[in-house]
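Step one of this worksheet: look at the structure below.
The values are calculated or read from the model by the stated rules, or taken from the named source; none is laboratory data. Since the structure is predicted, the reported quantities are computational estimates derived from the model, not experimental observations. A quick note on method: Cβ atoms are made from the backbone with ideal geometry, for glycine too, and the neighbour counts reach across all protein chains shown.
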């Protein structure tokens with residue numbers, strides 16, 4: 001039990017050293033005084049305790065393995081006027097009983113006992129993870145382990161909020177030079193966070209998952225790629241519930257931490273964001289995905305007036321590609337009044353079937369329509385490679401630039417280095433999955 005200091009917030013509390021020079025957590029007067037009667041509760045525990053009776057009660061509960069009743073005894077001790085020295089001895093007896101029982105069969109230390117006293121101990125707001133214990137030999141337990149155990153106890157008693165607040169109050173601490181932890185501690189924390197994420201809101205689950213070991217700070221014993229399936233499952237759940245803002249934050253985190261995003265989920269999210277007019281988020285995610293190598297076939301050669309579009313892109317992805325093509329083409333700045341200038345789009349052939357290729361032209365026509373102001377595109381010809389060639393209407397292009405030049409260059413210009421031909425993307429990803437049409 002990691003209980004050995006009165007929190008700073010408790011003004012007027014008496015401090016008393018134990019046998020090992022540590023400071024006791026539980027002190028007389030820490031809690032409101034008990035009732036003066038000696039009636040018995042429904043659990044058979046007296047309303048007030050004297051020292052002799054408390055000693056007998058602790059031993060009896062230990063013999064009977066009645067940890068719930070022991071919790072009630074401990075609770076009354078916290079409210080009693082027992083002397084500090086006597087209280088220390090009783091606390092040590094309780095701790096020994098609980099730890100002995102745990103070594104025999106309980107997977108979590110003193111879970112039943114804690115179910116009785118967790119509320120009253122929570123109200124004290126003790127920084128337990130940085131304190132020493134009653135016996136002086138608890139330093140073998142890492143701070144990470146203490147926080148995990150405390151959060152687990154809240155979770156076992158049904159207090160999800162208590163478990164979450166325990167982690168937040170300790171700033172999701174894992175390890176440091178002063179408080180190192182073992183790989184086993186990280187594994188237990190991972191299991192706790194996974195369980196907790198399954199029982200919270202989508203937004204809280206994102207916060208929990210973002211604090212999995214190895215994500216905020218790399219750790220040599222943690223392979224973060226193992227989290228990919230959990231993140232993708234949460235992403236799918238968010239989109240099913242139309243939690244698009246949470247979903248987009250989740251994908252940004254995955255791309256930033258190099259966690260593999262399922263291509264189909266990525267395309268679905270971009271499509272939903274565009275349809276719901278969340279264009280800022282759609283652009284941000286598309287840019288990150290481009291840099292991460294999710295679209296190896298998308299390349300915008302600077303200065304050229306033609307652009308090849310993969311047929312596997314969805315409507316919103318095509319619209320974002322058109323924005324990028326127009327915004328990063330310097331020839332448009334020089335030829336805004338040149339009526340002879342033209343921009344060509346080639347719907348390139350790939351390994352997709354003919355039905356998929358032909359449906360891509362319909363998505364292209366839809367893509368120019370979702371931009372604001374809308375663009376106009378005309379089918380031109382079939383080139384020698386049997387690819388469809390389209391021409392963008394220049395007046396519509398100029399109109400779009402006049403309305404969007406202020407932000408478009410800034411958003412798209414810094415992508416040229418990673419999307420130009422001959423430049424390898426940071427990570428090669430599988431080819432995009434065709435969205436439903």
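One table, with the values for the structure above:
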item: Condition met for residue 185 (crowded, with 18+ Cβ neighbours inside 10 Å and more than 12 Å from the chain's Cα centre (by Cα)); result: yes
item: Residue within segment 280-292 that is on the phi > 0 side of the Ramachandran plot and surrounded by fewer than 18 Cβ atoms within 10 Å (Cβ to Cβ) present; result: no
item: Of the criteria (1) in a loop (DSSP other than H, G, I, E, B); (2) within 31 Å of the chain's Cα centre (by Cα), which one residue 284 fails; result: (1)
item: Residue within segment 171-180 that is in a helix (DSSP H, G or I) and either in contact (Cβ under 8 Å) with a residue 40 or more places away in the chain or closer than 30 Å to residue 321 by Cα (or both) present; result: no
item: Of all residues making up segment 262-279, the number that are outside any helix (DSSP H, G or I) and in contact with a helix residue (DSSP H, G or I) (Cβ under 9 Å, 6 or more places away or on another chain); result: 3
item: Given (1) outside any loop (DSSP other than H, G, I, E, B); (2) more than 17 Å from the chain's Cα centre (by Cα); (3) without any contact (Cβ under 8 Å) to a residue 12 or more places away in the chain, index of the condition residue 233 fails; result: (2)
item: Failed criterion for residue 389 (all others in (1) farther than 22 Å from residue 282 by Cα; (2) in a helix (DSSP H, G or I) hold); result: (2)
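Matching residues to (1) farther than 18 Å from residue 113 by Cα; (2) at pLDDT 80 or above:
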position: 36; (1), (2): yes, no
position: 42; (1), (2): no, no
position: 52; (1), (2): yes, no
position: 62; (1), (2): no, yes
position: 83; (1), (2): yes, no
position: 97; (1), (2): no, no
position: 100; (1), (2): no, no
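Yes/no per residue for (1) over 28 Å from residue 264 (Cα atoms); (2) crowded, with 21+ Cβ neighbours inside 10 Å; (3) modelled with pLDDT of 90 or more:
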position	(1), (2), (3)
305	yes, no, no
316	no, yes, yes
346	no, no, yes
356	no, no, no
360	no, yes, yes
371	no, no, yes
374	no, no, yes
378	yes, no, yes
